[in-house]
Amino acid sequence: MKAATTRGIFANTSLITRSTQRPTVGVNDVLVEVHASSVNPKDWKLNTIISSLTPKLGALAKINIIGDDLAGVVVEKGAHVSDFAIGDEVYGMDMRLRTAACAEYAVISEKSIAHKPKNMSFAEAASVPLAALTALQAFYLGGVQQGSKVLVIGASGGVGTFAVQIGKAMGAHITGVCSGKNSELVAGLGAEKVIDYTRSDFLQETDDYDVVFDVTAYQSLSSCSSLMAEQGVFISTAGHGKALFNTYRPHFSQGTKTAKAIWVKSRNEDLDKLKTFIEGGLVKAVIDSAFTLDNIQQAYVQSQTGRSKGKVVILVKQ
Ligand SMILES: NC(=O)c1ccc[n+]([C@@H]2O[C@H](COP(=O)([O-])OP(=O)(O)OC[C@H]3O[C@@H](n4cnc5c(N)ncnc54)[C@H](OP(=O)(O)O)[C@@H]3O)[C@@H](O)[C@H]2O)c1
């Protein structure tokens, strides 16, 4: 089968495709014929670097972890798999050092997939798992409920476009922060108010948001404190080391306001919840661009610009 793999090492890593053996299923896994995958910043911040190092690590040389998200069809299943049958259309993500979704076939645990939303193409479904699970689990972490007032900073990217829609589907009032060129997109996804961060310094304002979800990971509880209600929760994606430090550092000096970091997990009950939102017409995919598996390097370059509107997808089977 054809699979994406790395060439080079560390910062000089680029992606190519090569011919390799199909992975074999464990007792709790399924083998998926992958129709589409998608790119998340984690892929080029972490996965490519780990993959580029594994040939140097002897016994671990077989690790290839390019791609967490997948959508496709179950073609084989392990002896203990009970929730899925051969021929089922599924979507999901697995962050263990095992699933390489940017390949014609990928092995994934049955706990990390769900049935694909019926009203989505494979490409759309592959854009959902990691980004939308991050938004959903961040809102669970923040206690978002009917009537919550939520600020999403970074509302136009992969996680942000899902966060706006999922927050609204949960009954929250959403304000999105993005650059002016993306304001219309974010308003169209259901944000009641959109702030153009290139025109106003929203951090200088006073407000009473119950939850501030900082998708960009550029902010901290301190910088957002004036925007938050007394019991407000600041949640960061902590996308880099400084962000993680910033998230927790001010925790002790902001009274009743709290800071948390989200670490997304594969959970099939959450994928089922997203499926319900999607099939109910409450959440849709926003696709920035699509690339074939042979052009995966270009897909990563697009994601690395940090300017994608929604998700970058990889079309594996056409
Ligand atoms: N901890 C976890 O479990 C977890 C899970 C998923 C993602 N993450 C992290 O979350 C971050 C976002 O991921 P993503 O997939 O959404 O990335 P992405 O799709 O690359 O985000 C691109 C978006 O970021 C926006 N943006 C850039 N600078 C901004 C700013 N100063 N203010 C507001 N928006 C800004 C851009 O909008 P404009 O062009 O309009 O500026 C663009 O639409 C990454 O660091 C990723 O590693 C962490």
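Against the chain, whose longest principal axis comes from its Cα atoms, helix 129-142 is set at around 40 degrees.
If you take every residue apart from Ala155 with its C-beta less than 13 Å away from the C-beta of Ala155, what net charge results, scoring Lys and Arg +1 and Asp and Glu -1? With Lys, Arg at +1 and Asp, Glu at -1, the neighbours total 0.
Site pair Leu46 and Ile16 shows an inter-label distance of 2.7 nm when each label is modelled 7 Å from Cα along Cα→Cβ. Compute the long axis of helix 268-279 from its Cα atoms, compare it with the longest principal axis of the Cα atoms of the chain, and write down the angle in degrees, 0 to 90, nearest 10. Once rounded, the angle reads 70 degrees. With contacts taken as Cα pairs under 8 Å at a separation of at least 6 residues, the chain carries a relative contact order of 19 percent. Of all the options Ile113, Ile86, Ile174, the one that moves most in a Gaussian network model of the chain with Cα springs shorter than 10 angstrom is Ile86.
Quick check on my link table: of Lys2/Lys168; Lys42/Lys111; Lys77/Lys149; Lys111/Lys181; Lys149/Lys317, which ones sit more than 32 Å apart, alpha carbon to alpha carbon? With Cα atoms farther than 32 Å apart: Lys2/Lys168; Lys77/Lys149; Lys111/Lys181; Lys149/Lys317. Would you mind telling me which residue in Leu31, Leu46, Leu70 has the biggest mean-square fluctuation in a Gaussian network model of the chain, where springs connect alpha carbons within a distance under 10 angstrom? In this elastic network of the chain, the residue with the biggest mean-square fluctuation among Leu31, Leu46, Leu70 is Leu46. Summary of packing: across the peptides 279-292, 193-206, the per-residue average of other C-beta atoms within 10 Å ranks them, highest first, as 279-292, 193-206. Helix 158-169 axis versus longest C-alpha principal axis of the chain: approximately 60°, rounded to the nearest ten.
Rg and Dmax over the alpha-carbon atoms of the stretch 131-261 stand at 13.1, 38 Å. Going by the alpha-carbon gyration tensor, a ≥ b ≥ c the square roots of its eigenvalues, is the stretch 173-227 rounded (a/c under 1.5) or, if a/c is not under 1.5, prolate (a/b greater than b/c) versus oblate? Prolate, because a/c is 1.5 or more and a/b exceeds b/c.
Glu192 to Gln302: extension gain in nm, 0.36 nm per residue of separation minus the Cα-Cα distance?
36.7 nm
Distances over 39 Å make up what percent of all Cα-Cα pairs in the chain? For the chain, the fraction of Cα-Cα distances above 39 Å is 12 percent. Taking a straight Cα-Cα cut-off under 16 Å and skipping sequence neighbours fewer than 8 places away in the same chain, the aspartates and glutamates within cross-link reach of Lys309 are Glu124, Glu184, Asp196, Asp288.
None of the figures in this text is laboratory data; all of them are computed from the coordinates on show. These numbers were taken from a predicted model, which means no experiment stands behind them. As a convention, Cβ positions derive from the backbone with ideal geometry for all residues, glycine included, and neighbour counts pool all protein chains shown.
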